[in-house]
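The values are calculated or read from the model by the stated rules, or taken from the named source; none is laboratory data. What you are looking at is a predicted structure, and each value in this text was computed from that prediction instead of being measured. In this analysis, Cβ positions are derived from the backbone assuming ideal geometry, glycine residues included, and neighbour counts consider all displayed protein chains.
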Amino acid sequence: MQSTQQYPIQLTVLTPTRRIVEGVGCSSVHFPSAQGVLGILPEHTDLVCALGTGLVYFDTNNVTSFLTISGGVAKVDGKSVILLADVAEDAASIDVGRAQRALERARTRLATGEGNGTPEEVQEATAAQDRAMARIEAATLHSTGR
């Protein structure tokens with residue numbers, strides 16, 4: 001494990017069924033909240049917030065790692081970031097073809113008003129589109145090493 005002086009933030013990402021990241025030392029963490037993307041540096045003020053859907057990225061050893069999350073709760077203190085996500089996926093394990101197909105299905109649902117076009121159906125199709133776009137972005141950034 002890395003020295004806490006060199007990597008002062010400990011990141012943990014959990015879902016109801018899996019541990020995606022546990023106690024990884026990093027120099028910064030960025031994640032989507034319900035109000036927008038938050039950037040967390042060492043000694044950040046304490047914070048609890050709802051998670052949004054999108055890209056999580058964190059820096060360790062001058063390497064940026066990527067995940068996607070959707071929904072849940074974040075707890076931040078000066079030394080740790082804990083993301084309790086409804087859904088999370090490591091960028092290395094994302095099937096880009098599957099994510100692209102999900103994006104196309106969501107876009108088709110939105111364009112054609114598939115179903116009754118109720119506000120709930122539109123909201124679900126928009127959420128599916130957002131999840132698919134985040135998965136594609138994470139996989140692309142992971143594969144290009146950015």
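Brief remarks on what is shown
- Test: residue in the stretch 38-57 that is in contact with a helix residue (DSSP H, G or I) (Cβ under 9 Å, 6 or more places away or on another chain), among the hydrophobic types (A, V, I, L, M, F, W, C) and crowded, with 16+ Cβ neighbours inside 10 Å: yes
- For the stretch 50-57, the criterion of being more than 19 Å from Arg135 (Cβ to Cβ) and not basic (Lys, Arg) is met by at least one residue.
- Asp59 vs. criteria touching a Cys at 6+ places or on another chain (Cβ under 7 Å) and among the acidic types (Asp, Glu): yes
- Options Arg19, Arg109; residue that is over 16 Å from the mean Cα position of the chain (by Cα) and under 26 Å from Thr140 (Cβ atoms): Arg109
- All strands (runs of 3 or more DSSP E) inside the stretch 43-146 with 2 or more residues being of a type in the set (S, T, N, Q) and in contact (Cβ under 8 Å) with a residue 60 or more places away in the chain: 63-76
- Within the stretch 58-80, the residues that satisfy the criterion of being under 13 Å from the mean Cα position of the chain (by Cα), surrounded by 16 or more Cβ atoms within 10 Å (Cβ to Cβ) and either hydrophobic (A, V, I, L, M, F, W, C) or assigned by TED's automatic domain parsing to the domain that holds Ala138 (or both) are Phe58, Phe66, Leu67, Ile69, Ala74.
- Among (1) among the hydrophobic types (A, V, I, L, M, F, W, C); (2) at pLDDT below 95; (3) closer than 17 Å to Glu137 by Cβ - the single one Ala88 does not satisfy: (2)
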